[in-house]
Amino acid sequence: MSTSAATIDAPKLAKARDFSKRYKKVRPGNSAEAQIVEEYLPLVKTVVGRLAMGLPPHVDIEDLYSSGLVGLLNAVRNFDPKGGSSFESYARVRIRGAVFDELRRLDWVPRSVHDKARKVQTVMQRLEQQNGAIPTNAQMAKALDMTLPQYEELLTEIRPATFVCLDSAPCADEEGETTRYESIADHSQENPVDVTSRRELASVIADRLEQLPEMQRKVLALYYFEDLRLREIAEVFGVTESRICQIHAQAILSLKSFLQQHEAPRI
């Protein structure tokens, strides 16, 4: 490692060690837990504020913020320092998941949009099975009997139905609104079967991401891991925000379609 890299990493390592030391003292309801929750409240505001930009005005942001707080508290109580990820990354996932659970409960996306998204997803899955590759926009447009501009407009229209993070996506063919992280327990003493299930799911997602077109991979990485807004991503690539919305929607539909094909059989 170069001297400059070591200098850059040193503060992160020191912060991680300090957090790990403080986290050992955390117990449900004690002052150590309250201190960490207080410290990461700005993260809840950041996540909720970012998501709120794409929501209709009738959605109550305070309700989403309350859900985000629940996600943060669950993150504090279920975080495993030995898992390899930072607490901030883990908390961000749990906060997002809690917020999207609340959005699904509110059912803020019209049924017609859900129906159109399911139709696109079904066609996408069929074409991939036929051709053995992820369909292009042109292939999707032809299969849907649309022009390419019409299909791209459809992607923009159904984007709210694809505006989810993977950990909050409902399991296929499950009754109710069970999410992936709810269906796989997250306790301090984990069942080996649950650990294996999560690893397999992560592996499946990672494999699928490698198959996506480069532009789609980059958009997902910038949006979900670098926390850039769609407008900011559009500026990076020199295209319109609408175009980035279409790419995002196409990528998420492709991932959801793939995951439905690889759901573990119910016992």
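Residues in segment 69-80 that are over 14 Å from L51 (Cβ atoms), open to solvent by less than 50 Å² (accessible area, probe 1.4 Å) and in contact with a Lys or Arg (Cβ under 6 Å, 6 or more places away or on another chain): 1 in all. Just to be sure, is N74 at negative phi, modelled with pLDDT of 85 or more, among the polar types (S, T, N, Q) and in contact with a helix residue (DSSP H, G or I) (Cβ under 8 Å, 6 or more places away or on another chain)? Against the criterion (at negative phi, modelled with pLDDT of 85 or more, among the polar types (S, T, N, Q) and in contact with a helix residue (DSSP H, G or I) (Cβ under 8 Å, 6 or more places away or on another chain)), N74 qualifies. Looking across V193, V164, V204, V239, one residue alone is at pLDDT below 85, among the β-branched types (V, I, T) and part of a loop (DSSP other than H, G, I, E, B). It is V164.
Annotation for segment 32-53: at least one member residue is modelled with pLDDT under 85 and outside any helix (DSSP H, G or I).
E235 - would you say it is under 20 Å from S89 (Cα atoms), open to solvent by 50 Å² or more (accessible area, probe 1.4 Å) and without any contact (Cβ under 8 Å) to a residue 40 or more places away in the chain? Criteria not met by E235. Considering V99, V109, V120, the condition of being touching a Pro at 6+ places or on another chain (Cβ under 8 Å) and either at negative phi or in contact (Cβ under 8 Å) with a residue 40 or more places away in the chain (or both) is satisfied by V109 alone. Within segment 12-42, the set of residues being exposed (fewer than 12 other Cβ atoms within 10 Å of the Cβ) and among the basic types (K, R) comprises K12, R17, K21, K24, R27. When N78 is tested against the conditions (1) touching a residue at least 40 places away in the same chain (Cβ under 8 Å); (2) over 22 Å from F225 (Cβ atoms); (3) not hydroxyl-bearing (S, T, Y), the lone failure is (2). A single member of D101, D107 is in contact with a strand residue (DSSP E or B) (Cβ under 9 Å, 6 or more places away or on another chain) and at pLDDT 50 or above, and it is D101.
The values are calculated or read from the model by the stated rules, or taken from the named source; none is laboratory data. In this text the structure is predicted, and so the values were computed from the model without any measurement. Glycine gets a Cβ as well: all are built from the backbone with ideal geometry, and neighbour counts include every protein chain shown. For accessibility, only protein heavy atoms count, side chains too; no ligands or nucleic acids. Shrake-Rupley method; radii C 1.70, N 1.55, O 1.52, S 1.80 Å.
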